[in-house]
Amino acid sequence: MFSNINKVKFDMILFNPPYVPGIAEYNNDAIDMAWNGGKDGSETIKRFIGTVDNYLEKEGCAYLLLEGRNKVDEILETIRRSNHGLEARSL
């Protein structure tokens, strides 16, 4: 996800991920990749949560767009339990 970015740290990261639940077969072209978030819509979101702390300054923040089908409460809890020192809030 961040493979094209050298080890740079950011004050803020905004992420509008592909978050619509979809089918793996649709991941083959750019249009499908823009919306298809995998089986439950959160595959890309979970990858982001697992790596974003490597690219944030100590006092940095990340904004992540979610929608109801992503089980927002579960995603927020995943962030809180990630052991990356991330705080999660729904706005």
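Taken together, the values in this text are just the output of simple stated rules run on the coordinates, not laboratory data. Keep in mind the model is a prediction, meaning the values are calculated, not measured. Positions of Cβ are backbone-derived with ideal geometry, glycine not excepted, and every protein chain shown enters the neighbour counts.
Length available on full extension from Asn4 to Arg47: 0.36 nm per residue minus the Cα-Cα distance, which gives 13.9 nm. In this structure the amide hydrogen of Cys61, modeled in the peptide plane, comes within under 5 Å of the amide hydrogens of Met12, Ile13, none closer than 5 places in sequence on its chain.
Based on the Stokes-Einstein relation at 10 °C and a viscosity of 1.306 mPa s, and on the Kirkwood radius from alpha carbon pairs, the range 10-66 is assigned a translational diffusion coefficient of 133 µm²/s.
Put a plus charge on the Cβ of each Lys and Arg, a minus charge on the Cβ of each Asp and Glu, and nothing anywhere else: the dipole of the range 10-66 about its Cα centre is then about 120 debye. Straight-line reach from Lys71: taking Cα to Cα under 30 Å and skipping same-chain neighbours fewer than 8 places apart, the lysines in range are Lys9, Lys39, Lys46, Lys58.
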